[in-house]
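**Q** I have a structure I would like to understand better, so I am pasting it below and will then ask my questions one at a time.
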Amino acid sequence: MKEKSSLKQKWENIWYYYKIHIIAALFVVSLIVSFIYEKVTATKYDYHVALVCTESITLQDEEILAAALESCADDRNGNGKVEVQLLSYILEDGENADATQVMAAQTQLISDLQLNTSIIYIYSDEINEQFKDEGLFPEDEAGRFKLSDSSQELSDSLNELNICMLDYSRVDESDEETVEYYYDSLELFKRFLK
């Protein structure tokens, strides 16, 4: 009986003097467990496709477009599922545009371009005009297609958008994984347009 009461007294003593430390340690451990869980269970996409427009498209259209791309794609990461992530960059123009949001979207797009996150770009005619001088999108019709050129069933608003590949000169050839991703994306691009 004395051992139980002494254990209880020890615990009460520890709790009295170190309860803040114990609570802080439990909080840190729970953050670490949460972070690890998120990393382990996060969706690992096979492809990332940039969607660059002056106004957002509906969630339904995004889902239809992602499903159409997935139907033409390969399982690159071997997890048994083909998953395509659409990375939306909304670059509004005009007097109602929120400058902060436009700058954030431009920064994300620049980062995407530098890291070769997306190899396939879907964009509106307005975006094509905005980036005409930067050489981001093909100037001639040979490298640029309308989504309506594909055999996929898409909505009228989607069919008006353009699709193209990132220019290979922007790919870091010393990075074998990026080069392989480029050619896999090229195959997806060709299948999508069939």
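Every number in this text was worked out from the coordinates using simple rules, so none of it is lab data. Just so it is clear, the model here is predicted, and its values are computed rather than measured. Neighbour counts run over all protein chains shown; Cβ positions are idealised from the backbone, glycine included.
**Q** Here are some residues: Leu113, Leu31, Leu109. Which one is part of a helix (DSSP H, G or I) and without any contact (Cβ under 8 Å) to a residue 12 or more places away in the chain?
**A** Leu31
**Q** Read through the list (1) over 17 Å from the mean Cα position of the chain (by Cα); (2) of a type in the set (A, V, I, L, M, F, W, C); (3) loosely packed, with under 12 Cβ neighbours inside 10 Å, then give the number of the only condition that Ala97 fails.
**A** (3)
**Q** May I pose another question? Give all pairs with beta carbons closer than 8 Å in which a residue from the range 7-27 that is touching a residue at least 60 places away in the same chain (Cβ under 8 Å) meets a residue that is surrounded by 10 or more Cβ atoms within 10 Å (Cβ to Cβ) and in a helix (DSSP H, G or I); count only pairs at least 6 apart in sequence or on separate chains.
**A** From the range 7-27, no pairs qualify.
**Q** Sticking with this one: What do you reckon, is Ala68 part of a helix (DSSP H, G or I), under 20 Å from Tyr181 (Cα atoms) and of a type in the set (Gly, Ala, Ser)?
**A** When the stated conditions are applied, Ala68 passes them.
**Q** Could you check how many residues of the range 19-75 are of a type in the set (Gly, Ala, Ser), under 26 Å from Leu161 (Cβ atoms) and loosely packed, with under 11 Cβ neighbours inside 10 Å?
**A** 0
**Q** Out of all the residues in the range 158-169, which are surrounded by 14 or more Cβ atoms within 10 Å (Cβ to Cβ) and touching a helix residue (DSSP H, G or I) at 6+ places or on another chain (Cβ under 7 Å)?
**A** Leu158, Asn159, Leu161, Asn162, Ile163, Met165
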